[in-house]
1. Would you please give the residues with an amide H less than 5 Å from that of D:G141, counting only those at least 5 places away or on a separate chain, with H modeled from the backbone geometry?
2. Roughly what angle does helix D:264-277 make with the longest principal axis of chain D, taking Cα atoms, 0 to 90 degrees, to the nearest 10?
3. Taking a 30 Å limit on the Cα-Cα distance, which of the listed pairs B:K333/B:K359; A:K148/D:K310; B:K148/C:K310; A:K283/B:K265; D:K272/D:K341 fall beyond it?
4. Kindly report the accessible area of region B:6-320 per residue (heavy atoms of protein chains, probe 1.4 Å, no ligands, DNA or RNA), in Å².
5. For a quick check: with amide H placed at 1.01 Å from N, whose amide H comes under 5 Å from C:T84's, ignoring anything fewer than 5 positions away on the same chain?
6. Nearest 10 degrees, 0 to 90: what angle lies between the long axis of helix D:227-236 and the longest principal axis of chain D (Cα atoms)?
7. Would you kindly derive the ³J(HN,Hα) couplings of region C:154-164 from the backbone phi angles with the Karplus curve 6.51 cos²θ - 1.76 cosθ + 1.60 (θ = phi - 60°), listing them in order in whole Hz, with x for Gly and Pro?
8. Largest first, how would C:D109, C:D256 line up by accessible area (1.4 Å probe)?
Protein chains: 4
Amino acid sequence: MYEPTKKDKFAFGLWTVGNRGADPFGPVVRPRMDPPEIVSRLGELGVWGVSFHDNDLVPLGASPKERDAIVARFRKALAASDVTVSMATVNLFSHPVFRDGAFTAPSFDVRRYALQKTMAAIDLGVELGAKIFVLWGGREGSESDAGKDAVEALKRYREGLNFLTHYVKDKKYTLRFALEAKPNEPRGDIYLSTNGSMLGFIETLDHPEIVGVNPEVAHETMAGLNFYHVVAQSIEAGKLFHIDLNAQKIGRYDQDLRFGSEDFKGAFYLVKLLEESGYAGPKHFDAHAYRTEDIEGVWQFAAGCMRTYKILQHKAALFARDKEIQALLKEQKPTPPYSRKTASAIAATRYDIDRLAAKGADYERLDQLVTDLLAGARGQTLSAS
Amino acid sequence: MYEPTKKDKFAFGLWTVGNRGADPFGPVVRPRMDPPEIVSRLGELGVWGVSFHDNDLVPLGASPKERDAIVARFRKALAASDVTVSMATVNLFSHPVFRDGAFTAPSFDVRRYALQKTMAAIDLGVELGAKIFVLWGGREGSESDAGKDAVEALKRYREGLNFLTHYVKDKKYTLRFALEAKPNEPRGDIYLSTNGSMLGFIETLDHPEIVGVNPEVAHETMAGLNFYHVVAQSIEAGKLFHIDLNAQKIGRYDQDLRFGSEDFKGAFYLVKLLEESGYAGPKHFDAHAYRTEDIEGVWQFAAGCMRTYKILQHKAALFARDKEIQALLKEQKPTPPYSRKTASAIAATRYDIDRLAAKGADYERLDQLVTDLLAGARGQTLSAS
Amino acid sequence: MYEPTKKDKFAFGLWTVGNRGADPFGPVVRPRMDPPEIVSRLGELGVWGVSFHDNDLVPLGASPKERDAIVARFRKALAASDVTVSMATVNLFSHPVFRDGAFTAPSFDVRRYALQKTMAAIDLGVELGAKIFVLWGGREGSESDAGKDAVEALKRYREGLNFLTHYVKDKKYTLRFALEAKPNEPRGDIYLSTNGSMLGFIETLDHPEIVGVNPEVAHETMAGLNFYHVVAQSIEAGKLFHIDLNAQKIGRYDQDLRFGSEDFKGAFYLVKLLEESGYAGPKHFDAHAYRTEDIEGVWQFAAGCMRTYKILQHKAALFARDKEIQALLKEQKPTPPYSRKTASAIAATRYDIDRLAAKGADYERLDQLVTDLLAGARGQTLSAS
Amino acid sequence: MYEPTKKDKFAFGLWTVGNRGADPFGPVVRPRMDPPEIVSRLGELGVWGVSFHDNDLVPLGASPKERDAIVARFRKALAASDVTVSMATVNLFSHPVFRDGAFTAPSFDVRRYALQKTMAAIDLGVELGAKIFVLWGGREGSESDAGKDAVEALKRYREGLNFLTHYVKDKKYTLRFALEAKPNEPRGDIYLSTNGSMLGFIETLDHPEIVGVNPEVAHETMAGLNFYHVVAQSIEAGKLFHIDLNAQKIGRYDQDLRFGSEDFKGAFYLVKLLEESGYAGPKHFDAHAYRTEDIEGVWQFAAGCMRTYKILQHKAALFARDKEIQALLKEQKPTPPYSRKTASAIAATRYDIDRLAAKGADYERLDQLVTDLLAGARGQTLSAS
């Protein structure tokens, strides 16, 4: 019942199940897995897609020949396991050269190197069939604002993004970009810190039509934002090109926990929204297993991400056919568009605001019904009705 | 030296110095002050502008005659004190009728009443000379997402805003709107929770050219965002129409503290940015005195907001002519625009990334110099040099 | 199955279901309910206990005669509904006299008045059968630390608490105190800001044996602390005298949401701990209905708090008899006590730490099983087995 | 004027200036420095003390002979530079064997190995003259509370600590322990998450008299707590055995920033408290340079920590002799101790609470004077008076 299918379009990054458990206070605890091996295991679990940073697949400094051999081997693994490349991205944050940014680095050469590296990563992604290219500017930020003018930095950022969209157009790639925001970590503060600020920024680019967002549960939650609201704005703006699913507690280091393992109710509204909105992109898990786990725990973790999604998908279906719940939902009839006549009519109406204010919204009852539904304390039997 | 002048364009809301000190755990502690009295005291302090919600000036339910008498008296006070109306806004959050939103209320009648009230508030603002109209949707949000579809709510929100921009255009008002975001409080989560999400939303409106943002220190800081970065994005996008200055600790209830009384360094970068960017709008303090204070403390509070701004303005000037600091700043030469040739050239270059990575950024030294500057431990004598 | 019973010892404060929905941005939305009426409704819902601040029951300034009449009427209502007074407390935060603290107020007279008011509240509580007296120092704190020496303030705080424990002993009351911490709101920062700091402080009092803690979900969660850990420390120290159940998002204003409506998993571990530890005190809901609700919503809210507790109580029972889960739990055999011989033996042992490090903890699997259990996706059928 | 002296008792950990700039998204950026080299550079900067984890000095797995050689060389460097070992500690968090805790690990063997390692680290510290031994239980916690019973874990924790205090007593060491709390990172939640909870826990140990606390700015600030209040409680309880100075933004990953580089005002109250309370222990900087820095930046960082402390020390002196500020401070006359007579007298007094409530506290004015003082906008000339 809760088994993943290809139709679910579940995807994992190579770096997610491949995460080796290092953290700021301790080294790796799990052995390295080879990308083809990861693909094979993902295929067995029923996963549809895999994603990667350029260097998850091809090590920095590999020769063209080495690169091609790696790509060929990876392609074979994909075919063998019927796994798709759902997205590609570029690592602009690990090498020390990026320690003060990639597209916003003060150094002209670092910025050009970032373009070189990204163009190559785009080529790699396209070669392997990726339709989405995520950009996360993890080092685009500051600890001290004394040294970098933030207005200038945004101009540099835009120049970099424009360059890349022109490159993709010039190459006639069908690739679309998805920008990923994060408030902080590894920088003290990262520029364009929320998904909302990315939506604003996109409209200032040369080719906004091929640039959307990749909101991540953990990143918006770090700032205490309501992720369901964040995704709703992205969908409503036609900009949800990709999504990073995981879990996180508010106001903490980037946790990347198993999907649904925190804020179960919030995860429910998110799944409900994705399922009901017609979102057709990858459902991408950008998470990793606890450092306490060995390899076996990693696969439990991966299976758990998908299982919880499926459980919540089922809850959303129950919600839709729960008569008591549905009876409490209110239709939100559109506000009339402006006309001089309508404005006059509205201005002239006497609204009995005390009467309008008197009726409660029944949200406590509704929210408790949802609690019951999520807990399996109601609705299990609905499937029979 | 730190005395405010009219040129500083400092402004206070009637509700800020008029705040009576009530909070969720206790009632008011200070007497009500009449708007003309407030204007008179602000004038004495050297304040340039005053702002108001419709009901700060004209009580809900006042007759047209009462309204006109209030307006006349207020206008006289403004003239007598040489104080300008710097901004007007509408209270769509206090009356219980708005308890589930104004423009996003499920009730069709509540939404139309919100339009009625806002049109009247716009008329009032325009009549008193306001050029900016702030909209803060304090009740546009939810505690439980079971009852309100967030995608639908955003559509309702847009319909409301579009209606109002058409109204302003139709009336030939020169008024511009400034949207104010807040992550939460009084709602569990407020829609369009950050200034960035407002920037994204504006681009989806019928008349984005007359709609900008009103970022508030406290609101963005509640979510832990870097306010200097937030304002930089707004300025760079040409959307900083208004600003709300105050202070706040991260991850707390909305504190609205005296400007500069928290995160002194952050306040410095903000002032430096406002002064150097050519921002010409009101410098509006949306803050209030501690509940521990009596009326005398309120005026100390107001004077303190402006004094700290002036101190930081002076520090920004010192920063600009501090040779040791300036020598550490790096020019950020633009990234080249895309051309096939440039792309090829970049792709063909061998960047010595280890060499590029070797040099530190000197930010610790620079940040310490700023600390010294802010502490008066350097730079005081610079004015002589 | 999820109906509350007296044995559950569920309790509500008069101010919780009596909350009228005012917040910093809007006035009350619900009518006042009389204490006897509240008691009657609580009784109908199956609630065991009721608690109150002195002024929830007896208005400030009531004459002795008025007080006695109120007490008599309340006592009658208690008897009629078979509801117990589970706890009493004192309001040392609403009246402006306390705006800079009660026991830590700089004013000697304010501190003595606080003692007078608290002694009277203790008498009132004892008269009505309370065995627990909660003290929450909501105004004991600061916005600016310039004016109050925190070391001195703690000495004043201790003097106040010592005075009251001596009073209770002298009166031969069997009453015990439970101290309630909160990090901030209504003060910028409140002294002794976490339950942990209260545990430390208690040990410095004259009579620590009659002073314990009253941890509150919302208060510890505001600071992002793990409430299950907080309560575990209190229980392990023999200091859990009372508990305030509700829900809250991290890093926000004090929300006092319906129990279990946030962090469902955290609520589960809390209920499991209370049920399995032998905690025999009141399960006290210190929460209130959303401002969107009318009176009907208030009772839905109250019923929901208890229902969710009962659901989680049942889940805890399922956890205890779920064989797959139980098989994953590890016994935590005690560490040996110190002796010179044991120390030498330990020092001399060669631990194969790489081998010890190799085995994963299976926590991803376990946590997913708990997710399934909480979602009703496993374990429902266990009751049959 | 702001030069450090030995009397200041400034100290740095080997791991602080030795931090190589790795973070969760990138590897090291700075070369390794040898402990004797670090000591030499610290000595040149005027630093009084150095601290270390066992493995900062002696690598895990070193033979007794290697260890002794390292110790001898280190001792020589200390003598040559006139640097003292101010504190020693043990690394119970890096090796994978500790991934589920050290003293709270479910594994009996891991817990005994943790004792073995800690006894050796104590011996090492004592040998090198340390009088304080810090214990930070970075891995004592959980991501999922399903697998570890927190009550049991606290019992294990206590057993471990008791074992070690007995060891120290048995060895006749004069060493005292200082427990360091942290809310989270690297674990999802760490047990005994705040300094306050450590104070509570200490009282349950066998030898509380030799166990105190080591509060850290960053750790308490992560939870949004007021660090000045935290340290005040520690001092007032006689438990401030050590202190970790750095800077941090609320609700973020552990930043360990240069002292005073965030929350300048908070840092001022802290320095003022340390200076005025008679605290005689090390002033230990547990911080590191930004990843953007090279080695030169590291030493700028270290000098900056001390310089800012000295600036604030000077500001505290100015505060003490600023007449306008001093005139606003209120004496906090003790509350009378309990006697039946005093209680009766208090009960019988009629306090005019409205009159007592009328006078404001002048905190806005006072806080602004402190702002001016910290900004060098007042008080610089006081030194002449």
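The values are calculated or read from the model by the stated rules, or taken from the named source; none is laboratory data. This one's a predicted model, so the numbers in the text were calculated from it and none came from an experiment. Quick reminder, even Gly has a Cβ in these numbers, built from the backbone with ideal geometry, and neighbours come from all protein chains shown. Side chains are part of the model used for accessible areas, which takes the heavy atoms of the whole protein and leaves out ligands, DNA and RNA. Shrake-Rupley method; radii C 1.70, N 1.55, O 1.52, S 1.80 Å.
1. D:Y191
2. Once rounded, the angle reads 90 degrees.
3. Checking Cα-Cα distances, A:K283/B:K265; D:K272/D:K341 exceed 30 Å.
4. The answer is 27 Å² per residue.
5. Amide H neighbours of C:T84: C:G49, C:V50.
6. Relative to chain D, helix D:227-236 is tipped by roughly 90 degrees.
7. For region C:154-164, the Karplus-derived couplings read 5, 5, 4, 4, 5, 4, x, 5, 4, 3, 6 Hz, x marking Gly and Pro.
8. C:D109, C:D256
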